[in-house]
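Here the structure comes first, spelled out in structure tokens, and everything after it is commentary.
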Amino acid sequence: MPGEELKILQPGRLVSSKAGRDRGRYYLIYEVLSDRLVRVVDGVRRRIENPKEKNVKHLQFHPAVAVAVAEKLGRGERVTDAEIRQALERLVNKNED
């Protein structure tokens, strides 16, 4: 539908925070807990060991997905903070163009 917000909950999806102290920060979805709650990481402040739980209504969803990260998470493989940082940097730069 026109104007409907993109809300595809999948690991590796680029999101940014719309509310809270972290408003405007970019994250990747690390884990989907329910249809309303996800865990997000950025590899810096929110590392793999300590992901941030966010309500999806406080997130802006972007069409970009970190495919390599999503595939590794889907296979149950370990993803590093460095991989998260690199993927975020690529996606954010691409998203801002």
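The values are calculated or read from the model by the stated rules, or taken from the named source; none is laboratory data. Because the structure is predicted, anything quoted here is derived from the model rather than measured. In this analysis, Cβ positions are derived from the backbone assuming ideal geometry, glycine residues included, and neighbour counts consider all displayed protein chains. Heads up: the accessible areas ignore ligands, DNA and RNA and are worked out on the full protein's heavy atoms, side chains in. Shrake-Rupley method; radii C 1.70, N 1.55, O 1.52, S 1.80 Å.
Give segment 47-75 a look and list any residue that's crowded, with 17+ Cβ neighbours inside 10 Å and part of a loop (DSSP other than H, G, I, E, B), or say none.
If the condition is that a residue be crowded, with 17+ Cβ neighbours inside 10 Å and part of a loop (DSSP other than H, G, I, E, B), then P51, A66 are the ones that fit.
Given the conditions (1) open to solvent by 40 Å² or more (accessible area, probe 1.4 Å); (2) under 12 Å from the mean Cα position of the chain (by Cα); (3) of a type in the set (V, I, T), and given that I29 satisfies all but one, which numbered condition is not satisfied?
(1)
Would you check which residues across segment 61-97 are polar (S, T, N, Q) and over 16 Å from E31 (Cα atoms) and list them?
Q86, N93, N95
Output the number of the condition that E31 fails; it satisfies all remaining conditions of (1) in a loop (DSSP other than H, G, I, E, B); (2) touching a residue at least 12 places away in the same chain (Cβ under 8 Å); (3) among the acidic types (D, E).
With (1) in a loop (DSSP other than H, G, I, E, B); (2) touching a residue at least 12 places away in the same chain (Cβ under 8 Å); (3) among the acidic types (D, E) applied to E31, the lone miss is (1).
List the residue pairs whose Cβ atoms are under 9 Å apart, where the first residue sits in segment 68-97 and is farther than 21 Å from R45 by Cβ and of a type in the set (D, E, K, R), the second is open to solvent by 80 Å² or more (accessible area, probe 1.4 Å) and part of a helix (DSSP H, G or I), and the two are 6 or more positions apart or on different chains.
Close Cβ pairs (under 9 Å, with a partner that is open to solvent by 80 Å² or more (accessible area, probe 1.4 Å) and part of a helix (DSSP H, G or I)) amount to E77/E71.
Residue by residue through segment 36-46, note down the ones that are surrounded by 15 or more Cβ atoms within 10 Å (Cβ to Cβ) and free of Cβ contacts under 8 Å to residues at least 40 places away in the same chain.
V38, R39, V40, R46
What residue, among those in segment 76-97 that are open to solvent by 100 Å² or more (accessible area, probe 1.4 Å) and not in a helix (DSSP H, G or I), is nearest to L14 (Cα to Cα)?
Residue satisfying both the conditions and the ranking: D97.
Among R21, R47, R36, which is modelled with pLDDT of 95 or more and basic (K, R)?
Answer to the check: R47.
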